[in-house]
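Derivation of every value follows stated rules applied to the coordinates shown; laboratory data play no part. Small disclaimer: the values here were computed from a predicted structure and weren't measured. Neighbour counts are summed over all protein chains in view; Cβ atoms, including those assigned to glycine, are modelled from backbone coordinates with ideal geometry.
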Amino acid sequence: MPRTGRRPGAGGTRDKILAAARSHFGEAGYEGGTVRGIAAAAGVDPSLVLHYFGSKEGVFRAAMDFPIDPAEFIPVLLAPGLDGLGERLTRFFLDTWDSPAGQPLLGLIRSVVGSESAAALMREFVGREVLGRLAEALEVDQPQLRASLAASSLIGLAMLRHVVKLEPLASAPADQVARWVGPGVQRYLTGSEVTAGPRKTSKKRSAR
C-alpha cells in the first residue's frame, strides 16, 4: 500500500518559502511583493506558496509568525469604544511579546538592529496589518500616517524593553507600561492635532 500523510520534505519546503517571503517582503514591501516573486526566491512553483499559505496575505502573516490574526483581535480592541484604545492596544502588544507564542516575533524584533530587510518587514506588518486596519476602522483622516506614528511607539517600546532592556522600562509591570505609553498611542490614532497643518505665525509689522 502507498504511504499516506505528509509528503517527504514538506516541512523543509514550507520553511524555505517563509525564509524567501521574509526577504522578498523586506525588499519589496507588501504592495510590491508577489506570490511569484516569493516562489522564484524559494525555487518552487507559485502553486506551492498558495498550497501552504492560501494567499499573499497568508504568507505575509506567516512570515511574521504573529500568533493572532489581526482581523480577530482588532474588533475586540475596538469594542469598548475609543476611550482607552491606546492603552488597550499597548497592553495587547505587551502581553503578546511576553507570551511563549510571541517569542518568534521578539526574535524578528531583535534582528531588525542588524537587518534592514527585517526592519522593513516589521514596519510593513505592524503598520499595515495591525495599525493600518485599526486606523481605517476608526474612519479617521490620514489613517496610514497615524498608523505609522503609532507603530513607531510600539516597535520602539519592544526594542527598549526586550532588546536594549532599558530600566526601569524593562522590568516594569505591563499594566504600568501600558499606562505610560498608551496615551501617546491614543493621540496618534485619534488626536486631531496630529494631522493638522503647520501653525501660522503672525508677523509683526516693524515700526518706522
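Helix 174-190 and the longest principal axis of the C-alpha atoms of the chain enclose an angle of approximately 70°.
Compared with the dominant Cα axis of the chain, that is its longest principal axis, helix 85-98 is turned about 40°. Ranked by the mean number of other Cβ atoms within 10 Å of their residues, highest first, the peptides 167-174, 69-76, 180-187 come out as 180-187, 69-76, 167-174. Ranking Ser111, Ile68, Gly54 by Cα position along the charge dipole of the chain, where only Lys, Arg, Asp and Glu carry charges on their C-beta atoms, puts Ser111 farthest toward the positive end.
Explain nothing, just the number: dipole magnitude of the chain about its Cα centre with +1 on each Lys and Arg Cβ and -1 on each Asp and Glu Cβ, in debye rounded to the nearest 20. Before the final figure, lay out each step's value.
Values: 26 positive and 21 negative charges, 163 e Å.
In debye, rounded to 20, the chain gives about 780.
Distances between every pair of Cα atoms in the chain, grouped in 10 Å steps from 0 to the bin holding the largest one, split as 8, 30, 30, 18, 8, 4, 2, 0, 0, 0, 0 percent. Angle, helix 143-158 long axis vs. longest principal axis of the chain, Cα atoms, 0 to 90°, nearest 10? Computed tilt is about 80 degrees.
Highest average first, the peptides 49-57, 79-87, 154-162 ordered by how many other beta carbon atoms sit within 10 Å of their residues are 154-162, 49-57, 79-87.
With the highest mean first, a sort of the peptides 23-35, 121-133 on other beta-carbon atoms found within 10 angstrom per residue produces 121-133, 23-35.
Within the P(r) computed for the range 91-174, what percentage of the Cα pairs occupies the region above 21 Å? Here the long-distance tail beyond 21 Å is 30 percent of all Cα pairs in the range 91-174. Where only DSSP H runs of four or more residues are counted, the chain gives -19000 deg cm²/dmol as its mean residue ellipticity at 222 nm, each run worth -39500 (n - 2.57). Per the Debye formula on identical point scatterers at the alpha carbon atoms of the range 22-93, with no solvent, log10 I(q)/I(0) at q = 0.15, 0.16, 0.17, 0.19 Å⁻¹ is -0.61, -0.66, -0.71, -0.79.
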